[in-house]
Every structure is written in structure tokens, then in C-alpha cells.
Amino acid sequence: MSISVLARQVSCSLRELRNLTYNSVITILLCSILIVGCGDDGVRPPDDCPTGACWKLRDSGTDYFLWGVDRSDNLFVAVGFDGAMVSSTDGIDWAPLSSGIKTTLFDILWSGDQFVAVGDHAILRSPDGLSWTIVTEIDAPGPFLLEGVASSGSTYVAVDSPSGQIFTSYDYGVSWEQSVDGDNNRALWEITCSGSVFVAVGAVSYLDPPRDVCLVAVSVDGSEWSFDTLDVTGELFDVTWTGSQLVAVGGLTLPVAGTAIVTSPDGLTWTQRPVGTIDPLFAVWSVDGTIIAVGFDGTILTSEDGIEWIERNSGVSNALYGITSSDERIVVVGTNGTILSSP
């Protein structure tokens, strides 16, 4: 039995504290443990458990892969395979939602006033994360597989992985148009907004010699884009803005497989940050001055500056694909319905 569970079984009423018997002393000690211990709700983690260091596996209620997660002021929503959706008010207890579709959803965004979810030929909108509307006004010449979505004001941008198409909406996600044509040698996996620029990340494939090279696309308005390949062989799968810098993560392929992390103050100049791990990273997030990256085989890394990284124990071996946070809790999602929370 854990300390937190044992302590919750003890009543700390004034009636029990009137007589300082042996049992009452034990009660006082257990109540003290409850105050400083690492519980589920409203109890601060111990001093040796910094942000992103301690994780618990939660019951998602689904076995479907969960690819993305975000949170409004009062609701976490995770999306995944076959239109799967689950929600939670606290990041601990989860319940299924109906998305209204049966195609895979890869990412979800809370823009400040609505949720937008994107995926396989799909864009959905919701004011509260509970009821969803399928967007039908999409001006696209061919198929698309949307992997990421970001917003700035009324402008929303979604990126496509098979051919690196970019779609933009200027009316809060109601109608969409293609702003960048597809290229079969290009993939875009995710996008963020720093407040001044949109930054998308992915890879360009070359045939001679066969290799993937990390790619970054930057736009001020979501319409005009500039593309730049980095001197990093591999792919970038996610990018986040910390408030002072952009951090992008992915996987290296040459000369040896490994973890890819690059940072930039503005989206234009990038620096590779060597990490002593070999697993690719699929998602990155910034919270309370700590950068958290998650990826293959349950990998979780944390950093205070994007340069020096510490590997954390997630307690799972499933791949982790999405991460977000509230004021109280960090949530990570992954394969086979995996959901982790910290603390």
C-alpha cells in the first residue's frame, strides 16, 4: 500500500487529536506524511521530483493509439486512431468521447476559444471538446494527411506529412485553402506559432545517396513560406516555443541512428544539440521553465535550457506521441491508449 493511499484512510479530525494516545500520534504522523507526500490531487510532489521527472500510468479506457493531446481551461482531450477521443478534467480519470468520424486524428489544438483536431482527410472544430463539427470547406486538389495544426488569432495552419502540403484558414478554422503545393520528396510533421512566426518541421528525402534531411518552414502570415534544410540527417517530428526559443525534436538516421534536438531563437538560425540517447523523439513541450521531450520506447527527456538534457523513467516501453499540460498536471499520450501524467 502506498503512503498516499494509506494516509487517505486516516481521519485527521479534531476529535481524534484530543487525547495524545499512541494511535493519535500515529495519526498525526500520517497526516504530516500526507501534507508532504506525492499524491494524486492537490498535493505537491517531493523536492526530489522536479517538473517532468515523476510519472504515473493512467487508465485511458481505450487500446487505440493516441497521437495528440491538448487542454482548454477545464478539459484535456486526446485524439487517435479511428477517430478515437478521450477526455479528462484532471488528467487522471478519462472517459471516451465521440468525434463523429472513423478516420485517424493525429493532432489537436486548443486555440484559446475552441478545439481544432486534424487527421486523415479530416478537420474538426469544437467550442468545448465535447461536441464536434466536421469542417467541409477545404479547397484542396488531392488527398491530404494532416499531422499538425497551430493558430495565431484568426489564422490557423495545418501541415501534411505525405507531401508537405500546407493549408491555411483565415476565419478561425471554418474554411481552408491550400497555401503550399505538395512535393513527394517533402514531409511536414508538426507546426507551432511563436507569437510572431509560424514554424513547421519535417524532412526532405534525397535519392542519391538515399537520405532524409531535417527541414524547417517559416511564415509570418501562414500564406507565404520559406523552406530551409538543416545540416542534420534525419527528420524533425515536433516543435514548440518556450517563450524564448524554439525547440524541435526528431530522429537521426546517419551516420548512426539517434535522437535529434535543434534549437533556434527565431526559426531562421538553428543549432543541433547532441544528446546521449538513440531513440527518436516524437513530441516536445515547455512548462514552468522546463522543456519535456517524449518519444520511442517510453523515452522522456527534460531540460532547463534545451542544451543539457536528463533522461527520466516513464515506467513504460510504449512509444509516446503527444504532450500538453495544465497548471496542475502534465499529460503524455502514446500507443495502445497509453496515458501518463505528472505528478
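For (1) modelled with pLDDT under 95; (2) under 30 Å from ARG125 (Cα atoms); (3) hydrophobic (A, V, I, L, M, F, W, C), each residue gets a yes or a no:
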position: MET1; (1), (2), (3): yes, no, yes
position: THR21; (1), (2), (3): yes, no, no
position: ARG44; (1), (2), (3): yes, no, no
position: ASP48; (1), (2), (3): yes, no, no
position: LEU66; (1), (2), (3): no, yes, yes
position: VAL69; (1), (2), (3): no, yes, yes
position: GLY80; (1), (2), (3): no, yes, no
position: TRP94; (1), (2), (3): no, yes, yes
position: SER98; (1), (2), (3): no, yes, no
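Six or more apart or on different chains, Cβ under 9 Å: which pairs go from a residue in segment 175-188 that's surrounded by fewer than 20 Cβ atoms within 10 Å (Cβ to Cβ) to one that's assigned to a loop (DSSP other than H, G, I, E, B) and of a type in the set (A, V, I, L, M)? Could you list them?
Cβ pairs passing all conditions: SER175/VAL135; GLU177/ALA140; GLN178/ALA140.
Can you name every residue in segment 272-285 that is part of a strand (DSSP E or B) and surrounded by fewer than 21 Cβ atoms within 10 Å (Cβ to Cβ)? Break it down stepwise before answering.
Of the residues in segment 272-285, the ones part of a strand (DSSP E or B) are 272, 281-285.
Correct list: GLN272 only.
Have a look at VAL157, VAL116 and point out the one that is touching a residue at least 40 places away in the same chain (Cβ under 8 Å) and in contact with a Cys (Cβ under 9 Å, 6 or more places away or on another chain). Write out each step before concluding.
On the way: VAL116 fails: in contact with a Cys (Cβ under 9 Å, 6 or more places away or on another chain).
On inspection, the qualifying residue turns out to be VAL157.
Filter segment 298-322 down to residues that are within 16 Å of the chain's Cα centre (by Cα) and either in a loop (DSSP other than H, G, I, E, B) or farther than 14 Å from GLY250 by Cα (or both), then give me how many there are.
Narrowing segment 298-322 to residues within 16 Å of the chain's Cα centre (by Cα): 298-303, 314, 318-322.
Imposing the further condition that a residue be either in a loop (DSSP other than H, G, I, E, B) or farther than 14 Å from GLY250 by Cα (or both) reduces the set to 298-299, 302-303, 314, 318-319.
Matching residues across segment 298-322 total 7.
Considering only residues of segment 162-184 that are in a loop (DSSP other than H, G, I, E, B) and in contact with a Gly (Cβ under 7 Å, 6 or more places away or on another chain), which is nearest to TRP132 (Cα to Cα)? Please lay out each step first, then the result.
First, the residues of segment 162-184 that are in a loop (DSSP other than H, G, I, E, B): 162-165, 170-174, 181-184.
From the residues that got through so far, the ones that are in contact with a Gly (Cβ under 7 Å, 6 or more places away or on another chain) too are 163-165, 182-183.
Values: SER163: 27, GLY164: 26, GLN165: 25, GLY182: 28, ASP183: 31 Å.
Across segment 162-184, the extreme among qualifying residues is GLN165.
Would you point out which residue out of LEU281, LEU301, LEU340, LEU320 is in contact with a helix residue (DSSP H, G or I) (Cβ under 8 Å, 6 or more places away or on another chain), in contact (Cβ under 8 Å) with a residue 12 or more places away in the chain and within 19 Å of LYS56 (Cβ to Cβ)?
Working: LEU281 fails: within 19 Å of LYS56 (Cβ to Cβ); LEU301 fails: in contact with a helix residue (DSSP H, G or I) (Cβ under 8 Å, 6 or more places away or on another chain); LEU340 fails: in contact with a helix residue (DSSP H, G or I) (Cβ under 8 Å, 6 or more places away or on another chain).
Answer to the check: LEU320.
On the given criteria, is ASP139 in the same structural domain as ARG273 (by TED's automatic domain parsing), modelled with pLDDT of 95 or more and surrounded by fewer than 18 Cβ atoms within 10 Å (Cβ to Cβ)?
Spelling it out, it is not the case that ASP139 is in the same structural domain as ARG273 (by TED's automatic domain parsing), modelled with pLDDT of 95 or more and surrounded by fewer than 18 Cβ atoms within 10 Å (Cβ to Cβ).
Go over the candidates SER264, SER226, SER219, SER205 one by one and state the one that is touching a Leu at 6+ places or on another chain (Cβ under 6 Å) and of a type in the set (S, T, N, Q). Before you say what the answer is, go through the steps one by one.
Numbers: SER226 fails: touching a Leu at 6+ places or on another chain (Cβ under 6 Å); SER219 fails: touching a Leu at 6+ places or on another chain (Cβ under 6 Å); SER205 fails: touching a Leu at 6+ places or on another chain (Cβ under 6 Å).
SER264 is the lone residue from the list that is touching a Leu at 6+ places or on another chain (Cβ under 6 Å) and of a type in the set (S, T, N, Q).
Take the residues of segment 267-297 that are polar (S, T, N, Q) and at pLDDT 95 or above: which is nearest to the chain's Cα centre (by Cα)? Before you say what the answer is, go through the steps one by one.
Restricting attention to segment 267-297, the residues satisfying the condition of being polar (S, T, N, Q) are 269, 271-272, 277, 286, 290.
Applying the additional criterion that residues be at pLDDT 95 or above yields 269, 271-272, 286, 290.
On the way: THR269: 24, THR271: 22, GLN272: 21, SER286: 10, THR290: 14 Å.
Going through the qualifying residues, I end up with SER286.
On the basis of being farther than 27 Å from VAL197 by Cα, touching a residue at least 12 places away in the same chain (Cβ under 8 Å) and either assigned by TED's automatic domain parsing to the domain that holds PRO210 or of a type outside the set (Lys, Arg) (or both), does GLY258 make the cut? Before you say what the answer is, go through the steps one by one.
On the way: farther than 27 Å from VAL197 by Cα: yes; touching a residue at least 12 places away in the same chain (Cβ under 8 Å): yes; either assigned by TED's automatic domain parsing to the domain that holds PRO210 or of a type outside the set (Lys, Arg) (or both): yes.
Criteria met by GLY258.
Suppose the filter is of a type in the set (S, T, N, Q), more than 26 Å from CYS193 (Cβ to Cβ) and either outside the structural domain of LEU57 (by TED's automatic domain parsing) or in contact with a Ser or Thr (Cβ under 8 Å, 6 or more places away or on another chain) (or both); does SER264 pass it?
Numbers: of a type in the set (S, T, N, Q): yes; more than 26 Å from CYS193 (Cβ to Cβ): no; either outside the structural domain of LEU57 (by TED's automatic domain parsing) or in contact with a Ser or Thr (Cβ under 8 Å, 6 or more places away or on another chain) (or both): yes.
The answer is no for SER264.
Filter segment 46-103 down to the residues that are outside any loop (DSSP other than H, G, I, E, B), of a type in the set (Phe, Trp, Tyr) and in contact (Cβ under 8 Å) with a residue 60 or more places away in the chain and list them by number.
Taking segment 46-103 first, the residues outside any loop (DSSP other than H, G, I, E, B) are 56-58, 66-71, 76-83, 85-88, 95-97.
So of that shortlist, the ones also of a type in the set (Phe, Trp, Tyr) come out as 67, 76, 81.
Scanning segment 46-103 gives TRP67, PHE76.
Condition test on GLY195, is it under 18 Å from THR269 (Cα atoms), in contact (Cβ under 8 Å) with a residue 12 or more places away in the chain and of a type in the set (Gly, Ala, Ser)? Talk me through it step by step, then tell me what you get.
Working: under 18 Å from THR269 (Cα atoms): yes; in contact (Cβ under 8 Å) with a residue 12 or more places away in the chain: yes; of a type in the set (Gly, Ala, Ser): yes.
When the stated conditions are applied, GLY195 passes them.
The values are calculated or read from the model by the stated rules, or taken from the named source; none is laboratory data. It should be emphasised that the depicted structure is a prediction, and the values quoted were computed from it without experimental measurement. All Cβ positions, glycine included, derive from the backbone under ideal geometry; neighbour counts span all protein chains shown.
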